[in-house]
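S.K.: If you scroll down you'll find the structure; I have some questions about it.
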Amino acid sequence: MGMFCYQCSETLKGKGCTVKGVCGKNPDVANLQDLLVWLLKGLSYWTVKARKLGVSDPAADLYVAEGLFTTITNVNFDPESIGTKIEKAFKLRDKVKEAFLNAYREKEGKDFNEETPEAATWNVPGGLDVWELKGAEVGVLSTKDEDIRSLRELLVYGLKGIAAYTDHAYILKHSDNSILEFIEEGLAATLDDSLSVQDYISLVMKAGEVAVKAMALLDQANTSTYGHPEITEVYTGTYAGPAILVSGHDLLDLEEILKQTEGTGIRVYTHGEMLPAHAYPKLKKYKHLAGNYGSAWHKQQQEFAAFNGAIVMTTNCIQKPLDSYKDRIFTTGLVGWPGVKHIPNRTDNQPKDFSPVIEKALSLGGLEEKPGKKIVIGFAHNQTLALADKIIDAVKSGKLNRFVVMGGCDGHAKEREYYTEMAKELPEDTAILTAGCAKYRYNMLDLGDIDGIPKVIDAGQCNDSYSLVVMALKLKEAFGLEDINDLPISYNIAWYEQKAVTVLLALLHLGIKGIRLGPVLPAFLSENVLKVLVENFDIKPITDVRQDLELMLKGL
């Protein structure tokens, strides 16, 4: 059975994966994910209608976000796990449908008899085999019009990132129902064949607005729970002894691991997007939070094989575990890989039980001591605004003439060496603003500082792009500018998966123009949709380092 997926930057030949995902996703998993998304659209059709009659189901609303998060690149590759989520989607869809039909009957005095989309009603007995076949029918290519398909996918991928950020906030008990409601409205809209290209463009732009809300919500959740990030030096070497490596984005998972390993002699290291955790006061207080190990997600097979400790994947990005470490890697949350041990979710408000991870770490020989350098992080909005006067003075004095936002995702592509070379070529009066794992292309370089301001100003995880937005708005106010595009800031964004699409839409909503996007333009943008983005926002692909740098320094 075939598949079709083009949601990430590494899709085959820049067109789409049809035999197997470059990410490692087999056709069965791809088709099950497509069915899950389709069913979430069907569930959303009913939740939107029910809400208009005053009927709501908060559990269903949150589940739509969790289900979308499951289908983000490099999250879940386990067909059994996805099958369980499909079963729950069926149950919730039919529950909300029944609640709506009853409410409609009570209000209107008759049965609801409008034509409904198949995703809202389809239910054929069977299991994974049947669901895979149906998933193959209802995926991306089921929308025939290329431009409508492109806009629907752009919307869905933006919603996936919004869902991920919102789910993280809800885990920390911070909520905003309006975000979940928009996710459902957007999904339901992709089932409506009466909508025009302009209708979908409006929805995509609305997604950018909601993306800002979602990032702000998660920022509030993280900072109110763990304190505002502080400028922090993080060690990149290792100490001798037992160790646990925590990857992904989930700060609560990390906190629970830190609490459960206190007094055990185990040191805890972060990996990938978990690096920013070291800057949060309520996490950095743990003395056995030892440092950051390795680099970006796509080097994990080599780096995990060399890490003689237990490894926990809290979110994306997981790759196929090699035999050399498959018995000591664990998944949790929405992450899944066939044959890899999974740490179950919290129940009854109790922490997750990470004892299997701890036992595995203690049973291994542990790490050897290996020296490493220290890198500086913690420049989220609160900390950076505390330095605002210093930054403004540096700009006014001419010592700091330009910022280049080089945030987003890292990946395998050789073309991503562009970002390393760009960092090396930047003039002495130019600083990098970053968030996300794109930083691993240059955060170990000795780039120095500008009057005490580091040349790499690292705001944190990809969702902390919100901090970069707050900083830009503050600078706009400080310099008395009418237009955010008049700031000496160039945007050179690296994308890989759907959360980067969400960040891009947020930037577009804020009116930022002239964004360079690399290492390639998304395969899901049709020629006409790309034309709209170019004409309205001057989005452009990266080209050559020297050429792009010359133009950026001129504000172009």
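S.K.: In a shell of Cβ-Cβ distance under 10 Å around Asp353, excluding Asp353 itself, what net charge do Lys and Arg (+1) and Asp and Glu (-1) give?
M.R.: Working: positive: Arg346, Lys352; negative: Glu256.
Net charge around Asp353: +1.
S.K.: Hey, if we sort His412, His298, His271 by accessible area with the 1.4 Å probe, largest down, what's the order? Write down the numbers at each step before the final one.
M.R.: Working: His412 90, His298 25, His271 0 Å².
Highest to lowest solvent-accessible surface, that is His412, His298, His271.
S.K.: Stretch Arg346-Lys299 to full length: gain in nm at 0.36 nm per residue minus the Cα-Cα span? Could the numbers behind the result be given before it?
M.R.: On the way: separation 47, 0.36 × 47 = 16.92 nm, distance 3.01 nm.
Working it through step by step, the gained length comes to 13.9 nm.
S.K.: What list of ³J(HN,Hα) couplings, whole Hz, do you get for the stretch 505-521 from phi and the Karplus terms 6.51, -1.76, 1.60, once you set θ to phi - 60° and write x for glycine and proline?
M.R.: 5, 5, 5, 5, 4, 6, x, 6, 10, x, 5, 8, 10, x, x, 9, 6
S.K.: Sticking with this one: Could you provide, to the nearest whole Å², the per residue accessible area of the chain with probe 1.4 Å?
M.R.: Solvent-accessible surface per residue comes out at 40 Å².
S.K.: Can you list the residues, at least 5 places off or on another chain, whose amide H is less than 5 Å from the amide H of Thr332, using H built in the peptide plane?
M.R.: Met313, Ile343
S.K.: Answer with one residue from Gly21, Phe100, Ala59: the one whose Cα lies farthest towards the positive end of the charge dipole of the stretch 1-110, charges on Cβ with Lys, Arg +1 and Asp, Glu -1.
M.R.: Result: Phe100.
S.K.: Whole-Hz ³J(HN,Hα) for each residue in the stretch 126-140, computed from phi via Karplus 6.51 cos²θ - 1.76 cosθ + 1.60 with θ = phi - 60°, x for glycine and proline: what do you get?
M.R.: These are the phi-based 3J(HN,Hα) values: x, x, 4, 4, 5, 5, 4, 4, 5, x, 5, 7, 10, x, 3 Hz.
S.K.: 7 Å from Cα along Cα→Cβ at both Asp323 and Val197: what's the point-to-point distance in nm?
M.R.: A separation of 5.3 nm, rounded to one decimal place.
S.K.: For the stretch 465-556, which trypsin sites (Lys or Arg not before Pro) pass both filters: DSSP loop (anything but H, G, I, E, B) and at most 10 other C-beta atoms within 10 Å? Show your work: numbers first, answer last.
M.R.: Values: sites: Lys474, Lys476, Lys499, Lys513, Arg516, Lys531, Arg546, Lys554; in loops: Lys513, Lys554.
In loop regions of the stretch 465-556 (DSSP not H, G, I, E or B), the sparsely surrounded trypsin sites (Lys or Arg not before Pro) are Lys554.
S.K.: Give, in nm to one decimal, the length gained when the segment between Met205 and Ala240 is fully stretched (0.36 nm per residue of separation minus the Cα-Cα distance).
M.R.: Using 0.36 nm per residue and subtracting the Cα-Cα distance, I get 7.5 nm.
S.K.: Something else: Please give, to one decimal in nm, the separation of the simple spin-label points placed at Glu421 and Glu114, each 7 Å out from Cα toward the Cβ.
M.R.: Here the answer is 5.5 nm between the modelled labels.
S.K.: Related question: Per 20 Å bin, what percent of the C-alpha pairs of the chain does each bin hold, from zero upward?
M.R.: Result, from short to long distances: 22, 55, 22, 1 percent.
S.K.: Can you give me the P(r) profile for the stretch 9-145? Cα pairs, bins 10 angstrom wide beginning at 0, each as a whole percent.
M.R.: 11, 39, 30, 14, 4, 0
S.K.: In whole Å, how far is the Cα centre of the stretch 321-342 from that of the stretch 15-57?
M.R.: 24 Å
S.K.: With no solvent and one equal point scatterer placed on each C-alpha of the stretch 58-129, evaluate the Debye formula and give log10 I(q)/I(0) for q = 0.13, 0.22 Å⁻¹, two decimals.
M.R.: Log10 of I(q)/I(0), two decimals: -0.50, -1.08.
S.K.: I want the antiparallel fraction of DSSP beta bridges within the chain, as a percent rounded to 5.
M.R.: For the chain, the DSSP antiparallel bridge percentage is about 20.
S.K.: Still on this structure, I have one more. Using amide H atoms built in the peptide plane, which far-off residues or other-chain residues are under 5 Å from Val404 H to H?
M.R.: The answer is Ala431, Ile432, Leu433, Ser490.
S.K.: For a bin width of 10 Å, list the pair-distance distribution of the stretch 322-399 built from all Cα-Cα distances, rounded to whole %.
M.R.: 13, 24, 20, 20, 15, 8
S.K.: Oh, and also: Cβ under 10 Å from Leu334's Cβ, Leu334 left aside: what net charge do those residues give with Lys, Arg +1 and Asp, Glu -1?
M.R.: Around Leu334, the charge tally is -2.
S.K.: Residue by residue through the stretch 489-494, what is 3J(HN,Hα) from phi via Karplus (6.51 cos²θ - 1.76 cosθ + 1.60, θ = phi - 60°)? Round to whole Hz and write x for glycine and proline.
M.R.: 10, 10, 10, 10, 8, 9
S.K.: Per q in 0.20, 0.31 1/Å, what log10 I(q)/I(0) does a Debye calculation on the alpha-carbon atoms of the stretch 496-551 return?
M.R.: -0.80, -1.38
S.K.: Given a 1.4 angstrom probe, I'd like the percentage of the accessible area of the stretch 365-511 that is carbon and sulfur, rounded to a whole number.
M.R.: It is 47 percent, rounded to a whole number.
S.K.: Within the set of other residues whose C-beta is less than 10 Å from the C-beta of Gly448, count the net charge using Lys and Arg as +1 and Asp and Glu as -1. Walk me through the numbers before you get to the answer.
M.R.: Values: positive: Lys455; negative: Glu428, Asp446, Asp449.
Overall, the nearby charge balance is -2.
S.K.: Among Ala189, Ile318, His288, pick out the residue whose Cα is farthest towards the positive end of the charge dipole of the chain, where Lys and Arg carry +1 and Asp and Glu carry -1 on C-beta, about the Cα centre.
M.R.: Of the options given, the answer is His288.
The values are calculated or read from the model by the stated rules, or taken from the named source; none is laboratory data. What you see is a predicted model; the values in this text were computed from it and never measured. FYI the Cβ positions are ideal-geometry reconstructions off the backbone, even for glycines, and counts take in every protein chain you see. When the accessible area is computed, the model is the full protein with side chains, heavy atoms only, and any ligands, DNA or RNA have been set aside. Shrake-Rupley method; radii C 1.70, N 1.55, O 1.52, S 1.80 Å.
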